[in-house]
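Peer 1: Okay, handing you the structure first.
Only the coordinates and a few stated rules stand behind these numbers; no lab work does. Keep in mind the model is a prediction, meaning the values are calculated, not measured. Don't worry about glycine lacking a Cβ; one is built from the backbone with ideal geometry, like all the others, and counts go over all protein chains shown.
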């Protein structure tokens, strides 16, 4: 007696094929990424930059000041426009000359007042400094202080020698200048391939 075996016809549905293809693609992409030699990471690196400090010594004046300036007073009926509150160190790389708004009586005419500040530094180290430069940074929301000129007496500073910064500023003395306004002179010299800095800031402090 013979028996006939009936085979069931299995049908492969389209979504089965699609699923298999997706799995294959995922495996291929994963395997490819494992063989890569470069790894790319998106992120932010945070670090504290310490600016190299120019190794100089500020020359103190006979009156104890660290800087000198032409007088804010004049003969006639033009009176003091600012009081100079003095100089002080800010950190180890900045000297600040503080100015305070004062009562003003001005004659008829221009309200501009030109003032020259000077600031001297000695090189008491064994270093040789070259390529001296000045960069001017300002914060004056009212536009009442205008730095018109700045220069160094020498662009090369040998051991035992000194250099003087001379600045010229035009003040609009008609109105009080906003407290916190400043002009900063960033002085830089090169030494042994490193650029070192010192700052002289003229600040309205009150």
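Peer 1: Ranked highest first by average number of other Cβ atoms within 10 Å, how do 120-126, 135-141, 149-155 line up?
Peer 2: Working: 120-126: 16.3, 135-141: 12.4, 149-155: 14.6.
Result, highest mean first: 120-126, 149-155, 135-141.
Peer 1: Counting only Cα, what are the radius of gyration and maximum Cα-Cα distance Dmax of the stretch 101-206, in Å?
Peer 2: 16.6, 55
Peer 1: Want the number for residue 158 to residue 126: 0.36 nm per residue separation, take away the alpha-carbon distance, what's left?
Peer 2: Working: separation 32, 0.36 × 32 = 11.52 nm, distance 0.81 nm.
Length gained between residue 158 and residue 126: 10.7 nm.
Peer 1: Can you give the FRET efficiency to the nearest 0.05 for residue 135 and residue 92, using r as the Cβ-Cβ distance and R₀ = 30 Å? Write down the numbers at each step before the final one.
Peer 2: Details: r = 19 Å, r/R0 = 0.63.
It comes to 0.95.
Peer 1: Give me the number: length gained by fully extending residue 142 to residue 20, i.e. 0.36 nm times residue separation minus the C-alpha to C-alpha distance, one decimal in nm.
Peer 2: Details: separation 122, 0.36 × 122 = 43.92 nm, distance 7.10 nm.
Once the chain is fully extended between residue 142 and residue 20, it gains 36.8 nm.
Peer 1: Order these peptides, 178-184, 191-197, by their mean beta-carbon neighbour count within 10 angstrom, highest first.
Peer 2: Details: 178-184: 16.3, 191-197: 12.4.
With the highest mean Cβ count within 10 Å placed first, the list reads 178-184, 191-197.
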